[in-house]
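The structure appears below as C-alpha cells.
Readers should treat all values here as calculations from the given coordinates under stated rules, not as data from a laboratory. In this text the structure is predicted, and so the values were computed from the model without any measurement. Note: ideal-geometry Cβ built from the backbone for every residue, glycine included; neighbour counts use all protein chains shown.
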Ligand SMILES: NC(=O)c1ccc[n+]([C@@H]2O[C@H](COP(=O)([O-])OP(=O)(O)OC[C@H]3O[C@@H](n4cnc5c(N)ncnc54)[C@H](O)[C@@H]3O)[C@@H](O)[C@H]2O)c1
C-alpha cells in the first residue's frame with residue numbers, strides 16, 4: 001500500500017507511534033493499515049461497539065492485538081496513558097451517524113464533545129507533536145445553495161450546521177483551535193466529505209452512506225431509495241484516499257494550524273450515484289422517499305487547500321470505487337447485516 005502513495009514526507013512516520021482513536025471503525029481501520037504500511041506503529045483506542053461482529057471483522061483490526069485497546073475516549077486515565085506514548089494522534093472516534101446523533105443527542109454529546117475534550121486534555125499535557133482532528137463537511141450545513149443548486153464549500157465561509165452531529169463536529173473544531181493553538185502541540189483539522197468504499201456497511205436507522213445502502217438494496221432485490229428525489233449532491237471520496245489525506249495532514253508542514261477540506265471537488269447527485277450502482281444490477285428499481293431531517297442539500301469541496309497544503313489529490317474515481325464496492329459485496333455476501341432485510345428497521 002505504501003507504493004500507492006509514494007511521498008517522502010511519510011518517511012517521518014517510520015518508527016513513530018500514532019494513536020488512532022476510532023481505529024476500529026471504517027476510516028480508522030484504513031488509516032491504521034496505511035500507517036503500518038509506512039512503518040509507523042499505530043495504537044488503536046476504540047469501543048468496538050459501532051457494528052455487529054460480522055461487520056467489524058471486515059475491518060481487519062484484531063481486537064486482541066497488543067496495539068489495540070478496547071476502551072472509551074472518555075476514559076481519562078487510559079487516554080492520558082496512551083497519549084503519553086504517542087508521537088502523533090489522529091482523533092477519529094465519534095458517534096458517526098447523523099440520524100443516530102439526532103435520535104440520541106446525549107450519546108452524541110458524550111462521544112463527540114466529552115470524548116474530544118478528554119483527548120485534548122491528554123494531548124495538551126503530552127509530548128505529542130501533532131493532532132489531526134477528524135471533522136466533517138456537515139459543518140457547512142446547506143451553505144449558500146439557497147436555490148438548491150450545488151454549492152462549493154470553502155474553508156473560510158460561515159458555518160451553519162443543521163444537525164446535532166454537525167454541531168458536535170463544529171464544537172470539536174473550535175475546541176481544538178482554542179486548546180492547542182499556540183501550545184507545544186500542532187494540530188490540523190480535516191473536514192471529510194462523503195466517505196465510501198469497501199468494507200463500508202450501513203448502520204440501522206441511518207440515512208447516511210448511500211453507496212452501501214443502495215448496493216445492498218440492489219443485491220437483496222429491494223428498490224434503491226432516492227431520498228428527496230435524489231437531487232441533493234454529495235462529494236464522494238474513497239476511504240483509501242481519505243486515509244491517505246489524513247496521514248498527510250499529520251506530517252505536511254503547511255497543514256499545521258489549518259482546516260482542510262478532504263473532497264474530490266466534484267458534485268454528484270444522489271440519483272447519479274444510484275444509476276452507477278444500478279449499472280451493475282439490470283433489474284434494479286428506484287423509489288422516491290421524503291428527505292430525512294438533518295440531511296443537507298449538499299455541496300462539494302473547494303480542494304485548493306488540500307492540493308496546496310497537503311499535496312493531496314484523490315486517486316480513485318467514483319465509477320472505479322463503486323465497481324470495487326460491488327465486486328467486494330458480491331464476493332462477501334455475509335457483509336449484509338441481518339437487520340438489512342428486516343422491514344421494520346429499513347423503514348427507520
Ligand atoms: N463516513 C463518513 O462519510 C464521514 C464523513 C465525515 C466525517 N466522518 C468522521 O470520520 C470519523 C470516522 O468515521 P467512520 O465513518 O469510520 O465511522 P465508524 O462508526 O465506522 O467509526 C467510528 C469509530 O469510533 C468508535 N467510537 C465511537 N464512540 C467512541 C468512544 N466514545 N470511544 C471510543 N471509540 C468510539 C466506534 O466504535 C467506531 O469504531 C468520525 O469522526 C466521523 O465523524 C465520517
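Per DSSP H run of at least 4 residues, take -39500 (n - 2.57); add these up for the chain, divide by its residues and hand me the 222 nm value, nearest 500 deg cm²/dmol.
Working: 12 runs with 111 residues, N = 348.
Counting only the DSSP helices, I get -9000 deg cm²/dmol.
If the label point is 7 Å along Cα→Cβ of residue 279, which residues in the range 159-199 have backbone nitrogen under 15 Å from it?
none
Quick check on the chain: of the DSSP beta bridges with both residues there, what percent are antiparallel, nearest 5%?
On the way: 2 of 40 bridges.
Within the chain, antiparallel bridges account for around 5 percent of the total.
Helix 239-251: angle to the longest alpha-carbon principal axis of the chain, degrees 0 to 90, nearest 10?
Roughly 20 degrees between the two axes.
So what's the angle, to the nearest 10 degrees on a 0 to 90 scale, between helix 164-180 and the longest Cα principal axis of the chain?
The two axes meet at around 20 degrees.
Using Cβ counts within 10 Å as a stand-in for footprinting exposure, how do 129, 330, 169 rank, fewest first? Walk me through the intermediate numbers first.
Values: 129 17, 330 11, 169 29.
In increasing order of surrounding Cβ atoms, one gets 330, 129, 169.
Return the distance in nm (one decimal) between the two label points of a simple spin-label model at residue 81 and residue 37, each offset 7 Å from Cα along Cα→Cβ.
Taking the two extended label points, one gets 3.2 nm.
What residue among 150, 66, 96 has the largest mean-square fluctuation in a Gaussian network model of the chain, using Cα springs under 10 Å?
In the Gaussian network model the winner is 66.
Can you tell me how much longer the chain between residue 70 and residue 7 gets when fully stretched, taken as 0.36 nm per residue apart minus their C-alpha distance, in nm with one decimal? Write out the running numbers ahead of the final one.
On the way: separation 63, 0.36 × 63 = 22.68 nm, distance 3.20 nm.
So the extension gain works out to 19.5 nm.
Packing-wise, with mean Cβ within 10 Å as the measure, how do 332-342, 282-292, 248-258 rank, highest first?
248-258, 332-342, 282-292
If one takes the longest principal axis of the Cα atoms in the chain, at what angle in degrees, from 0 to 90 and to the nearest 10, does the Cα axis of helix 26-37 lie?
The angle comes out at about 50 degrees.
Between residue 57 and residue 317, what is the spin-label point distance in nm, taking each point 7 Å from the Cα along the Cα→C-beta axis?
Distance between the two pseudo-spin positions: 3.6 nm.
Pick from 125, 156, 173: which residue has the top mean-square fluctuation in a GNM of the chain where Cα pairs under 10 Å get a spring?
156
Run the quick spin-label model on residue 332 and residue 304: label points 7 Å from Cα toward the beta carbon, then report their separation in nm to one decimal.
Rounded to a tenth, the inter-label distance reads 3.8 nm.
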